[in-house]
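A short write-up of the structure that comes next.
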Amino acid sequence: QIKELFVSFEDTPLGAASLAQVHKAVLQDGRTVAVKIQHPKVQAQSSKDILLMEVLLLVVKQIFPDFEFMWLVEEAKKNLPLELDFLNEGRNAEKVAHMLKNFEFLKVPRIYWELSTRRVLLMEFMEGGQVNDRAYMERNGINVNEISRNLGKLYSEMIFVNGFVHCDPHPGNVLVKKCPASGKAHIILLDHGLYQVLSESFRMDYCHLWQALIKADMKRVQKYSRRLGAGDLYPLFACMLTARSWESVNRGIDRSPVSASEDVEIRSNAAAYLPQITQLLNNVPRQMLLLLKTNDLLRGIESALHTRASASSFLNMSRCCVRAVSTYQRSKSHSLYRKAQISLTEALSLWQINLYELFLWLKGSQLGNWVIALLNRIHHST
């Protein structure tokens, strides 16, 4: 009974979704916990829902042969049972917390296994403002750019380096809070039911593709987009990944922020190219589908914080890509000389990125403006 387990249990849920709801409670030993409880009939209903979805999509497919959304059923069959197993969610939470333990700003709720089951999950209670709430951050003295930068670091590490990706970063699952003791801002990552595990070959191709996109190397963009199943639709694929226009991709996605006119162009093109987008989604590896969803959610957060397409996010991605590719190359090499060569190339690449970041910082700082003004005066006087 609830009274046997808890000193107090709040009947009104903190949040409710389609699969479960979360309540705040206090255990007999005084620990404040979040109790995630699965809705009673979800398990039995989910198999019926998937069957109904499959039948309806097959009917539509018969009427419209070009309809290419059968992959929705495949993904639901694969992911829903995992999301319904809260013990799997607990294991994912512990795995990602261990994997990213070097990021001091990241907080993942501790799981209390002794009171958790497949349908009830007890976690350490953590609270904060939603990651897209710019007003909350300003009220609490949290640096918006720092949060955006750290969120980019977090996901770049998951995608490019570890290949184990939290795929539901909507604002309700990503909270921010300023630590009263240290004054540092923390990112709290919740709801670990939906993860994507990337194969090594996919992860390397994805790393190379993003490196090519950041460098505006169109030959390599075409090469690695094709390797990831985009075929002749690689320009559309590049636009979908970056949420930028083809002109911006060619110019360099880190060169300028997204303008209002570009946003309008992207929206109109999304409607105009819907058949091609559908074809593309059907052709890319299944691993790409959740990454596209994750990219969209992260872009939405960046838009709300007004930090979209900032150079720092692309620099962090570049670092992770360099490290991931170098680690992979070293693992495949049996020569000490070759391993040393790879390590040296990696160090030089990371040094170049750091130097470019310093240049950007100086360019935008008061000191940088003063140096540029001084150089201009010297130039004019000579």
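The alpha-carbon atoms of segment 200-338, seen along their principal axes, cover 53, 32, 25 angstrom, with the largest extent given first. Across segment 101-169, the mean sequence separation of Cα contacts (distance under 8 Å, 6 or more residues apart), normalised by length, yields a relative contact order of 18 percent.
When only C-alpha pairs under 8 Å and at least 6 residues apart count, what is the relative contact order of segment 194-303, in percent?
On the way: 83 pairs, mean separation 29.5, N = 110.
That works out to 27 percent.
Beta-bridge orientation, the chain: approximately 95 percent antiparallel, per DSSP, counting only bridges with both partners inside. Separation of the alpha carbons by more than 27 angstrom is noted, of 78/339; 107/339; 95/178; 101/293, for 78/339; 107/339. If one computes P(r) from the Cα atoms of segment 41-82, what percent of pairs lie at distances over 11 Å? That fraction is 65 percent. Using heavy atoms of the protein chains and a probe of 1.4 Å, the accessible area assigned to residue 327 is about 80 Å². Cysteine residues of the chain whose Cβ has no partner cysteine Cβ closer than 4.7 Å: 167, 179, 239, 320. Counting only heavy atoms of the protein chains and using a 1.4 Å probe, residue 362 has close to 60 Å² of accessible surface.
Find the Cα radius of gyration of segment 254-330, compare it with 2.2 N^0.38 Å by division, and give the number to two decimals. Mind showing how you got there, number by number?
Details: Rg = 15.5 Å, N = 77, 2.2 N^0.38 = 11.5 Å.
Relative to the 2.2 N^0.38 Å estimate, segment 254-330 comes out at 1.35.
Largest accessible area first, the residues 346, 265 order themselves as 265, 346 under a 1.4 Å probe with ligands, DNA and RNA left out.
Near residue 341: Cβ cut-off under 14 Å, other residues only, Lys/Arg at +1 and Asp/Glu at -1. The net charge is +3.
Which order, highest average first, do 148-155, 257-264 follow once you tally other Cβ atoms within 10 Å for each residue and take the mean per peptide? Mind dumping the intermediate values first?
Numbers: 148-155: 21.5, 257-264: 12.6.
Highest to lowest by the protection proxy: 148-155, 257-264.
Could you order the peptides 67-76, 204-213, 6-15, 330-339 from most to least packed, using the average number of other C-beta atoms within 10 Å per residue? Walk me through the numbers on the way to the answer.
Numbers: 67-76: 14.5, 204-213: 22.0, 6-15: 12.6, 330-339: 10.9.
Highest mean packing first, the order is 204-213, 67-76, 6-15, 330-339.
Remark: segment 200-338 carries 47 Å² of accessible area per residue (probe radius 1.4 Å; ligands, DNA and RNA excluded).
Per-residue ellipticity at 222 nm computed for the chain from its helices equals -19000 deg cm²/dmol, with DSSP H segments shorter than 4 residues left out and the rest contributing -39,500 (n - 2.57). Its relative contact order, with pairs defined as Cα atoms under 8 Å and 6+ residues apart, puts the chain at 13 percent. Here is the size of the chain from its Cα atoms: Rg then Dmax, 23.5, 86 Å. Under a 1.4 Å probe, what is the accessible area of segment 41-82 per residue, stated in Å²? Averaged over the residues of segment 41-82, the accessible area is 71 Å².
Could you work out what % of the accessible surface of the chain is carbon and sulfur, using a 1.4 angstrom probe and leaving DNA, RNA and ligands out of the count? Provide the component values of the computation, followed by the final result.
Numbers: 11770 of 20530 Å².
After summing per-atom areas, the C and S share lands at 57 percent.
The values are calculated or read from the model by the stated rules, or taken from the named source; none is laboratory data. The model shown is predicted, which means the values in this text are computed figures rather than measured ones. Ideal geometry is used to build each Cβ from the backbone, glycine not excepted, and the neighbour counts take in all protein chains shown. SASA here: full protein model, heavy atoms, side chains in, ligands and nucleic acids out. Shrake-Rupley method; radii C 1.70, N 1.55, O 1.52, S 1.80 Å.
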